[in-house]
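The structure appears right after this line, and notes come after that.
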Number of protein chains: 2
Amino acid sequence: MKPSLPLGFQGNGVAAGIKRSLRLDLALFYSQAPAKVAALFTSNAIKAAPLKVCKEYLARNKYFRALVANSGNANCFTGKVGLADAKQIGLWVARGLGLKKEEVLVASTGIIGRRMPLAKVKSALPQLVAGLSAKGIASAKKAIMTTDTRGKEAYFKFKLGNKTVTIYGVAKGSGMIGPKVATMLCFIFTDANISRRALKSALKAAADKSFNCITVDGCMSTNDTVMLFANGLAKNDLIEGGRNLDLFRQALSRVCLVLAQMIIRDAEGASKFITVKVSGARNIREAKRVALGIADSNLFKTAMFASSPNVLGRIVAAAGASGVGLDEDKLKIAFSPLAKKEVEVKVALGRGRAEAIVYTSDLTYKYVKINAEYN
Amino acid sequence: MKPSLPLGFQGNGVAAGIKRSLRLDLALFYSQAPAKVAALFTSNAIKAAPLKVCKEYLARNKYFRALVANSGNANCFTGKVGLADAKQIGLWVARGLGLKKEEVLVASTGIIGRRMPLAKVKSALPQLVAGLSAKGIASAKKAIMTTDTRGKEAYFKFKLGNKTVTIYGVAKGSGMIGPKVATMLCFIFTDANISRRALKSALKAAADKSFNCITVDGCMSTNDTVMLFANGLAKNDLIEGGRNLDLFRQALSRVCLVLAQMIIRDAEGASKFITVKVSGARNIREAKRVALGIADSNLFKTAMFASSPNVLGRIVAAAGASGVGLDEDKLKIAFSPLAKKEVEVKVALGRGRAEAIVYTSDLTYKYVKINAEYN
């Protein structure tokens, strides 16, 4: 077993033919012990079918054992048929694993508005289930990729008493990434023994400073999903609050931030990794609003691509357009050398003491190419 | 005199050297009779110096005679020095024309954060003033262009009683175009005899259905300005309300819509002119929000560039992300053939009876190129 994996988790990924490229496109994640699950979904008003299925199962069930996820088809804007398809896939997986259907969660990413090729999924499932193993997580990680150029994983281990707790996560995402659960799938697994409430609060806190702080194109997906499975196999004393929860939250935040930054580093067509730090705001919400306003501005992003000193004006215009009442005389802007691959932009508003950090990429010919050709 | 021009207006444009390209960059518009002025400015929190000067003069003065406008430098984020510079330029023009300084309005567009080259402007002014003529409006129109590939003008004539009223406008803008006074300069001149109040209300109504309905990149400028000069030389009975105001408003709306659409047709790097019609909304604000959400989505715009059928999913995702509570089952989407230069997208929300139309362009390699290289 890879040392990075928490106890009791396995995975596998196969090529079911959902993608025309015939690459890996169907992933299965499995926990040998029942796992509590905390989840976050897109705030897009249009939600893909798998999200609706997950919401339903999460509301009426307490422990989960598996997650089946596909790329190549978002199963979104597919109506009642799409909902039935998502449930059917979960049901087939449950049967293959000897589980109840509510113990299997589902996720999809890919093209919107097309029906899932059910027959292809069905015929790939026996192989998918049979191949489950700890090291199979590596192919599961690849099977959720769409325009990603590389798989994304991160882990963190820490001690609680004399027990070792591991948090391991995989993510996919490189475009349609906007704030409010950046458009992505992220599945995190831990062997921590933790209360349901603590699990939820830790995930919310970690996501707010990671997935909700990245933007590629400001486009919010219909399929964004972050799920955190905790199966308790580390046998630590139950984490419910206090210092233990702090430790867990810090570890989880670290894993989430690394995954979120990986998404930006792999952003569609990106040539730069840009950090936008806004300080001197009246509150965090205001700081984030200005930071995202800058990070999402196409004019800022193209100037970054060109390493153009004219970026100053574009930062000013984007900050001013963010709906926060700025004072030109108090606004201070600084940036690190523009020709580098990693650029930091600092904007001080002079209105208060709150700050926020947002990560983004530049807008390049390649972004246009990738998104014009993706179908 | 060109038949399209209202009585008593003249213009001129010269190359003052503000632009490195040495193209026309300084424009003067002049009314032989005192004119009432209605104006709209950007809602960006950071406003360029000329806008502040105009606001001050508009608040304390009733009639105006001239407008000096430059391209190549936005005179924005230039602090107190920028404010003094804008006033100085207006003062020089006023002296050259024998006017009071408050009778001359100022406007700028171009790069943000650089000081105006005052000496260059000063030495170009005598030539600018001396060359004023009705046909000189043509060069004034060119002198306000930045990344525009062509000058933009529109006019409309109509009868009020036995008098002919003319409305003529020029505009510049092709990028940094977002809603809330699309990022642009637009100067409109009419010989109508109209009350100040009617002038204002007509301009507001016309702008709401034209300049506030176009978007190239969702980026709101610091310099957006729409000004409407009315010098009364048509000698029609004073327009104050009723049918006459309706006629004036319709004519003005027509001129504004033509100019707004010209901006989109000349949008930076655009290969398509896209109309997004949203119907079935609960109110106009909601309809506009969804329409702009779609029109501003980079993923929608790149799919349009590629004429990709995958645009359906991107419309769904963008509509859903617009913050309006949509019902997937009621959402209806249709679009005209994608391979054409002009594409119409129709989105019916099934929530009510309000509708809105927004005009936009696609996102192309050329947009990135233009904005990466502009400096």
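Here residue A:321 does not fit the description of being over 26 Å from residue B:42 (Cα atoms), at pLDDT below 90 and within 12 Å of another protein chain (Cβ to nearest Cβ). Only one of (1) free of Cβ contacts under 8 Å to residues at least 60 places away in the same chain; (2) buried (at least 18 other Cβ atoms within 10 Å of the Cβ); (3) aromatic (Phe, Trp, Tyr) fails for residue B:63. Which number is that? Only one criterion in (1) free of Cβ contacts under 8 Å to residues at least 60 places away in the same chain; (2) buried (at least 18 other Cβ atoms within 10 Å of the Cβ); (3) aromatic (Phe, Trp, Tyr) is unmet by residue B:63, namely (2).
Criterion first (within 20 Å of the chain's Cα centre (by Cα), modelled with pLDDT under 95 and outside any helix (DSSP H, G or I)) does residue A:12 satisfy it? When the stated conditions are applied, residue A:12 does not pass them. Quick test for you: out of B:90, B:72, B:82, pick the one residue that is crowded, with 22+ Cβ neighbours inside 10 Å, within 14 Å of another protein chain (Cβ to nearest Cβ) and at pLDDT 95 or above. After applying the criteria, what remains is B:82.
Residue-wise test of (1) of a type in the set (S, T, N, Q); (2) in the same structural domain as residue B:222 (by TED's automatic domain parsing); (3) part of a helix (DSSP H, G or I); (4) under 22 Å from the mean Cα position of the chain (by Cα).
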{"site": "B:51", "(1), (2), (3), (4)": "no, yes, yes, yes"}
{"site": "B:65", "(1), (2), (3), (4)": "no, yes, no, yes"}
{"site": "B:68", "(1), (2), (3), (4)": "no, yes, no, yes"}
{"site": "B:71", "(1), (2), (3), (4)": "yes, yes, no, yes"}
{"site": "B:77", "(1), (2), (3), (4)": "no, yes, no, yes"}
{"site": "B:90", "(1), (2), (3), (4)": "no, yes, yes, yes"}
{"site": "B:94", "(1), (2), (3), (4)": "no, yes, yes, no"}
{"site": "B:105", "(1), (2), (3), (4)": "no, yes, no, yes"}
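Where strands (runs of 3 or more DSSP E) sit wholly within region A:238-350, those with at least 3 residues that are touching a residue at least 24 places away in the same chain (Cβ under 8 Å) occupy A:273-281, A:342-348. For region A:305-317, the criterion of a residue being basic (Lys, Arg) and more than 14 Å from chain B (Cβ to nearest Cβ) is satisfied by no position.
Residues of region B:88-126 that are touching a Ser or Thr at 6+ places or on another chain (Cβ under 6 Å) and of a type in the set (Gly, Ala, Ser): B:107, B:110.
The values are calculated or read from the model by the stated rules, or taken from the named source; none is laboratory data. Source: prediction; values computed, not measured. Every residue, glycine among them, receives a Cβ derived from its backbone with ideal geometry; neighbour counts consider all protein chains shown.
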